[in-house]
Amino acid sequence: MNRASDTTQHIDLTACDREPIHIVGSVQPHGFLLALDARTLVVAQASANAPVAASAGAALENAFPELAALARRYLDAGGELDGAQYLRTVTLGSGATRQAYEIAAHRVDDLLVLELEETDDASGEAGFDALNPRLRAFVQRLHTAPSVEDLCQLLAADIRHITGFDRALVYRFDRDWHGTVLAEDGNGVLPSYLDLRFPASDIPAQARELYRRNRLRIIPDAGYAPVPIRPATTPSGKPLDLSQSVLRSVSPVHVEYMRNMGTMASMSVSILVDGALWGLVSCHNGLPKRVPLQARNACDFLTQVFALQLSAKVRGEQAEQRLALSAVQARLLGFMAEEDSFVDGLFNHPNDVLALVNASGAAVVTADRCRLLGSAPPEREVRALYEWLSARGEAEDVFVTEALAEEFPRAQGIADRASGLLAISVSKRYASYILWFRPEVVRTVKWGGNPVKAARPGPEGGPDRLHPRKSFETWKETLKGRSLPWSLPEVEAAKDLRASVLGIVLRRAEELAAMSEELQRSNKELEAFSYSVSHDLRAPFRHIVGYANLLKNRESPNLTEKGRHYVDTIIEAALSAGTLVDNLLTFSQMGRHALNKVSGDLNALVEEVRRRVIRDVAPDRTVRWEVGPLGRVYADPAMLRLVIENLLSNAVKYSRDEAAAVIEVGRLPPHDGEAVFFVRDNGVGFDMAYVDKLFGVFQRLHRVEEFEGTGIGLANVRRIVERHGGRTWAESRLGEGATFYFTLPVREEAN
C-alpha cells in the first residue's frame with residue numbers, strides 16, 4: 001500500500017478528528033434557524049437569512065404568532081433535549097414572498113431551536129400518504145429476506161425509490177471503522193461503489209459521533225454558501241451546538257469530498273444497532289436535489305425497522321451458534337469433571353476443544369508446562385507468546401485478536417498457524433492460559449480510491465489544510481496476517497469454559513482443603529500419641545538394659561555361655577529399641593516446637609557435626625572430606641544440626657565398605673529464590689526405583705543386618721527442611737554412591 005509521509009499522515013489523523021463540526025456557526029441556505037429562550041420565546045440567535053421580524057432580540061409572539069403557538073405546544077409536551085422533532089408545515093409571508101416551511105424543533109440547554117426548511121408541499125400530508133403503501137410493503141419484504149446482504153439491498157432500493165436520488169448505498173463499518181458497501185441501488189448516472197471499501201479517515205471520529213446522535217443529514221446543494229448564525233454565541237457565551245440540527249452547515253472538507261465524487265447532493269441515514277453505529281445509508285445525486293422532511297422521516301423509519309430486523313437476524317444466527325457451542329461445552333465439562341486434572345479432560349478430546357471456538361490449534365500453557373494440540377505453533381513460539389501475555393500490564397481474563405502480529409510482532413513468523421488468537425487466563429495468581437489459534441486468511445480488498453489522504457499547502461502560501469482525495473477509482477490491497485474474525489458466541493464460549501475450569505479448580509481446592517484439614521487433625525493426634533508412647537517407653541527400656549547389665553555382671557559366674565548370649569541379646573535389643581524411641585520422640589517433636597531462625601555460618605556448623613561424626617569411625621578407615629564454601633543460611637540452628645548430622649552419618653555409614661570413602665558437602669548456584677545444598681558419598685547407593693520411599697518414616701532400602709539404623713533419620717531431614725520452606729530429594733546409582741539435596745529459602749543477609 002502506498003503511504004504518505006509521517007508528517008502528512010499525522011496531519012490527516014489529527015486535523016480531521018479535531019475539527020469542531022458540531023459548532024460550525026452556520027446553516028445551509030434552504031431554510032432558516034431561530035434559537036429562542038425556552039422561557040420567554042425571545043429570539044437569542046437567528047441565521048442571517050431569517051425574516052427581519054425574527055432577528056435577535058425579537059419576541060416570536062409578535063413576529064410569528066403561529067410559530068409561537070407551535071413552540072408552546074412543543075415545550076408543554078416536554079420538548080426533547082435530544083433529537084429534532086417534526087412539528088408541522090406552515091406557510092409564512094404573503095404574495096410573492098409566500099413560502100411553505102417544514103418546521104423541526106429540538107432543545108439545546110435553555111434554548112429552543114426552531115428550523116424552518118423550505119418545501120413545495122404546503123399541506124405536508126400528500127407526501128406521507130403516498131409513502132404509506134411503500135412502507136408497509138417494505139416491512140413485509142424484510143421478514144422474507146434470507147441474509148443480511150438481502151436486507152441491505154431491500155433498504156437501498158426502497159430509500160432510493162422514496163428520495164429519487166441517483167444512487168443509494170448501504171455502508172457497514174468494521175472494527176477499525178473502515179466502511180464496506182454491502183448493497184447499492186442506482187440509475188446508472190453515478191458509478192457503482194458496490195463491494196468497495198472506504199477508509200476510516202473519510203468519516204472522522206467526531207463525525208461518526210454526530211451520525212450516532214443525529215440519524216438524518218441532508219445536503220441539497222454542495223455548491224451552497226453557508227449562512228452565518230448571529231450573534232455568534234448564545235447568551236451563555238458559547239457557540240450554538242448544532243449536533244441535532246437538520247440545517248447544520250458541513251465541513252468544507254466534506255463539501256470538497258462530494259465534489260470530487262461527482263455528486264452535488266447527498267443524504268445519509270444512520271443505522272444504529274443496540275445504540276451503536278453499525279453503518280450508514282448514503283445517497284448521492286449528480287445534480288442538486290431537495291428531499292422533503294416527511295420523505296426523510298420515512299427513510300429514517302425504514303432504517304429503524306431495518307435495524308430491528310437486522311438485530312433480530314444477527315441474534316438469531318448467534319443463538320443458533322451458541323446452541324451448537326453449548327453442546328460442545330457441556331461435553332467438555334463432563335470430560336474435565338471425570339479427570340483428576342482438567343487439562344487431561346481437554347487433551348483427551350482434542351476435536352471438541354478445537355470445535356468449541358472453531359480453531360485449528362490450541363495449547364494449555366503454565367510456567368512449567370506447555371501442551372499443544374491440532375495445528376498449533378511450535379512450543380518455543382507458544383512459550384514466547386505465553387511470556388508476552390503474562391507480562392501485559394492489564395489483567396485480562398480474555399484476549400482476542402484476528403491480527404496477532406499487529407500487537408505481537410514476533411507472530412509474523414507463525415502467521416500460517418496463529419494469525420488469530422483467543423486466549424483465556426485460568427489463574428490470576430499463577431499465569432496459566434488456554435490458547436486457541438487460527439491461521440492466516442489472505443484476501444484482497446477493493447478500496448474506493450487510495451485510502452491515504454494528502455495534505456498540501458493552502459492558497460497563497462497559507463497553512464496546510466486537508467484536502468480529500470480526488471480519485472475514487474478502485475484501488476486494491478492484499479491483506480495478510482489476519483485470520484477469520486472470532487464471533488461473539490465463540491468468545492462467550494471461551495469465557496464460559498474459563499468459568500467452568502475455575503469452578504472445577506475451586507471445587508478441587510475445597511476438597512483438598514478439607515482433606516488437608518483432616519490430615520492436620522490426624523497428624524496432631526498422631527504426634528501426641530507418638531510423643532506419649534515414646535516418652536512412656538523410654539523408662540521401661542532403660543530398666544531392661546539396667547537390670548540385664550546387673551544380671552550379666554553379678555550373676556556372671558552362674559551363667560552358662562548360652563545364658564550370657566541371651567543377656568547380651570536382651571541388652572542389644574533394648575538399646576536398639578531405646579534409640580528407636582528416642583528418634584521417634586524427636587520426630588514427633590518436630591511439628592510441635594516453634595522455629596527459632598537466625599543467620600549463621602553453615603561451614604562452621606558442618607565442621608562441628610563432622611568432628612562429632614568421625615569419633616565413631618573405626619581407626620582403620622580412610623575418609624576424605626571435601627567441604628566447599630557453603631555461605632550463611634537463615635535457619636533454626638538446632639534443627640539444621642540434626643539435618644547435617646543425619647546426612648553426614650548416613651554418608652559415613654553407607655560408604656564404610658569402600659577402601660577410601662569420599663564425602664563431599666557443597667552448595668549449588670541459587671535457583672528460583674532457593675539455596676541448594678548437597679551431601680555426596682561414594683558408597684553403596686540405592687535403586688532409584690525406590691526413591692519415593694526414601695524419606696518416609698521407618699523406610700529402609702537395606703537390611704538391618706547390613707547397615708544399622710531406625711529408618712527415621714531421613715524422615716526427620718525432610719520434615720525439618722520442609723518446615724523451613726525448602727525441599728529434599730536424592731539421586732543415586734547402585735554401587736556408585738548417592739547424593740542428597742536440600743534447599744533453604746535465600747535471604748539477602750544469608751548468602
For V398, indicate whether it is touching a helix residue (DSSP H, G or I) at 6+ places or on another chain (Cβ under 6 Å), surrounded by fewer than 19 Cβ atoms within 10 Å (Cβ to Cβ) and modelled with pLDDT of 80 or more.
yes
Is it the case that the stretch 159-175 has a residue that's over 20 Å from H284 (Cα atoms), charged (D, E, K, R) and at pLDDT 85 or above?
yes
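Which is open to solvent by 40 Å² or more (accessible area, probe 1.4 Å) and among the hydroxyl-bearing types (S, T, Y), of S201, S192?
After ruling out the rest, the residue left standing is S192.
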Every residue in the stretch 140-151 that is surrounded by 14 or more Cβ atoms within 10 Å (Cβ to Cβ) and touching a residue at least 60 places away in the same chain (Cβ under 8 Å), please.
L142, A145, V148, L151
Kindly establish whether L372 is open to solvent by less than 20 Å² (accessible area, probe 1.4 Å) and modelled with pLDDT of 80 or more.
no
Considering (1) assigned to a loop (DSSP other than H, G, I, E, B); (2) in contact (Cβ under 8 Å) with a residue 24 or more places away in the chain; (3) open to solvent by 60 Å² or more (accessible area, probe 1.4 Å), say which one V617 fails and leave the rest.
(3)
Consider only pairs whose beta carbons are under 6 Å apart and that are at least six residues apart or on different chains; among these, list those whose first residue lies in the stretch 279-296 and is in the same structural domain as T180 (by TED's automatic domain parsing) and whose second residue is modelled with pLDDT of 90 or more and open to solvent by 30 Å² or more (accessible area, probe 1.4 Å).
G279/R172; G286/V189; L287/M264; P288/D221; P288/M264
In the stretch 18-51, the residues that are over 20 Å from N214 (Cα atoms) and either free of Cβ contacts under 8 Å to residues at least 12 places away in the same chain or of a type in the set (D, E, K, R) (or both):
D37, R39
Does A207 fit the bill of being among the hydrophobic types (A, V, I, L, M, F, W, C) and under 25 Å from F32 (Cβ atoms)?
yes
Determine which member of the set E645, E664, E607 is open to solvent by 50 Å² or more (accessible area, probe 1.4 Å) and touching a helix residue (DSSP H, G or I) at 6+ places or on another chain (Cβ under 6 Å).
E645
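Here is a yes/no grid of residues against (1) open to solvent by less than 20 Å² (accessible area, probe 1.4 Å); (2) farther than 30 Å from L135 by Cβ; (3) assigned by TED's automatic domain parsing to the domain that holds S432; (4) of a type in the set (D, E, K, R):
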| position | (1), (2), (3), (4) |
| --- | --- |
| T303 | yes, no, no, no |
| A307 | yes, no, no, no |
| L310 | yes, no, no, no |
| E338 | no, yes, yes, yes |
| S341 | no, yes, yes, no |
| L354 | no, yes, yes, no |
| G361 | yes, yes, yes, no |
Inside the stretch 194-203, the number of residues satisfying the requirement of being part of a loop (DSSP other than H, G, I, E, B) and touching a Ser or Thr at 6+ places or on another chain (Cβ under 9 Å) is 2
Does R259 qualify as being in the same structural domain as S270 (by TED's automatic domain parsing), open to solvent by 60 Å² or more (accessible area, probe 1.4 Å) and either in a strand (DSSP E or B) or in contact (Cβ under 8 Å) with a residue 60 or more places away in the chain (or both)?
no
Before we move on, is T366 in contact with an Asp or Glu (Cβ under 7 Å, 6 or more places away or on another chain) and either farther than 18 Å from L497 by Cβ or surrounded by 14 or more Cβ atoms within 10 Å (Cβ to Cβ) (or both)?
no
Quick check on the stretch 322-329. Is at least one of its residues outside any loop (DSSP other than H, G, I, E, B), outside the structural domain of G223 (by TED's automatic domain parsing), free of Cβ contacts under 8 Å to residues at least 24 places away in the same chain and open to solvent by less than 40 Å² (accessible area, probe 1.4 Å)?
no
Determine which member of the set V291, V281 is open to solvent by less than 40 Å² (accessible area, probe 1.4 Å) and more than 19 Å from A200 (Cα to Cα).
V291
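The values are calculated or read from the model by the stated rules, or taken from the named source; none is laboratory data. Keep in mind that this is a model prediction, so the values were computed, not measured. Here the Cβ is made from the backbone with ideal geometry for all residues, glycine too, and neighbour counts use every protein chain on show. When the accessible area is computed, the model is the full protein with side chains, heavy atoms only, and any ligands, DNA or RNA have been set aside. Shrake-Rupley method; radii C 1.70, N 1.55, O 1.52, S 1.80 Å.
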